[in-house]
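Here the structure comes first, spelled out in C-alpha cells, and everything after it is commentary.
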Amino acid sequence: MGLDFDIIGENGKLIDRHCLGWLGRNYNENFCMDYRNTSINNIIDYCDKEINKLLLQKNKLLNILDCLNEKKFIERKNMIINLLSQINEIEEFDLTIEYLSEHTLKYLSEYSINNSKISTDYHLTDTNLSNFESLKKFLLKYNNQTRYEFTC
C-alpha cells in the first residue's frame with residue numbers, strides 16, 4: 001500500500017499515476033496535507049526548492065568525501081580547514097565533525113567509506129534528489145491539468 005499522485009482527466013478517469021510512497025514515508029509526512037488543495041505548479045515549486053536543498057547537501061557531502069579520500073596530509077589538512085571555515089551553523093559543524101571523526105576513529109580498523117554514515121547520508125540524499133527530479137518531470141508533463149488527487 002503506497003501513496004500515489006493521480007492525474008485525473010476531464011471525464012474523471014485516471015490519466016497517469018506517479019508513486020509518492022518515498023515522499024510521505026521518508027521525506028515529508030505532511031506533504032499530502034500541505035499540498036492537497038494547491039496547483040500542480042505549486043508542487044513543482046516545492047520540488048524545485050527541495051532539489052536545490054538536496055543539491056547543496058550533496059555538494060557538501062562530496063566536499064567532505066573529497067577530504068576523507070585525500071591521501072596527502074598537507075592537502076587533506078588544508079581541505080578540512082577550508083571546509084570547516086565555511087560552516088556557519090552549529091548543526092552543520094557538528095555533523096561535519098561527526099563525519100570526519102568517524103573516519104578518524106575507524107581509520108586504523110580497516111575503515112571503509114562505503115559502510116560509513118557519510119556514505120549512507122550521501123546515498124539517501126542522492127536517492128531523494130532523483131525522486132524529486134522524477135516527480136518534477138512527471139508534474140511538468142501535466143502542469144496544465146487542473147485535477148489531481150492523492151490515493152493510498
Please determine, by comparing only the residues of the range 18-38 that are in a loop (DSSP other than H, G, I, E, B) and touching a residue at least 40 places away in the same chain (Cβ under 8 Å), which one is farthest from THR146 (Cα to Cα). LEU20
From the option list LEU54, LEU95, single residue qualifying as at pLDDT 95 or above and surrounded by 12 or more Cβ atoms within 10 Å (Cβ to Cβ) is LEU54
Residue check for GLU89: loosely packed, with under 12 Cβ neighbours inside 10 Å, more than 30 Å from PHE150 (Cβ to Cβ) and either of a type outside the set (S, T, N, Q) or touching a residue at least 40 places away in the same chain (Cβ under 8 Å) (or both): yes
Reported set for the range 115-152 where residues are surrounded by 16 or more Cβ atoms within 10 Å (Cβ to Cβ), under 29 Å from ASP94 (Cα atoms) and either touching a residue at least 60 places away in the same chain (Cβ under 8 Å) or of a type outside the set (Gly, Ala, Ser) (or both) is ILE118, ASP121, TYR122, THR125, ASN128, LEU129, ASN131, PHE132
Hey, can you tell me all the residues within the range 1-16 that are touching a residue at least 60 places away in the same chain (Cβ under 8 Å) and in a strand (DSSP E or B)? ASP4, PHE5, ASP6, ILE7, ILE8, ILE15, ASP16
Among the residues of the range 63-86, how many are farther than 13 Å from ILE97 by Cα, surrounded by 14 or more Cβ atoms within 10 Å (Cβ to Cβ) and among the aliphatic types (A, V, I, L, M)? 1
Which numbered condition trips up GLU110, out of (1) at positive phi; (2) at pLDDT 90 or above; (3) not small (Gly, Ala, Ser)? (2)
Taking interchain pairs and intrachain pairs at least six residues apart, which have beta carbon atoms under 7 angstrom, with the first residue in the range 48-62 and assigned to a helix (DSSP H, G or I) and the second β-branched (Val, Ile, Thr)? LEU54/THR125; GLN57/THR125; LYS58/THR125; LEU61/ILE118; LEU61/THR125
Every residue in the range 18-33 that is surrounded by 13 or more Cβ atoms within 10 Å (Cβ to Cβ) and farther than 14 Å from LEU129 by Cα, please. HIS18, CYS19, GLY21, GLY24, PHE31, CYS32
For the range 1-17, name all the residues that are surrounded by 14 or more Cβ atoms within 10 Å (Cβ to Cβ), hydrophobic (A, V, I, L, M, F, W, C) and under 22 Å from ASN144 (Cβ atoms). PHE5, ILE7, ILE8, ILE15
Consider ILE44 carefully, then state whether it is part of a loop (DSSP other than H, G, I, E, B) and at pLDDT 90 or above. no
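The values are calculated or read from the model by the stated rules, or taken from the named source; none is laboratory data. Because the structure is a prediction, the values reported are computed rather than measured. Glycine gets a Cβ as well: all are built from the backbone with ideal geometry, and neighbour counts include every protein chain shown.
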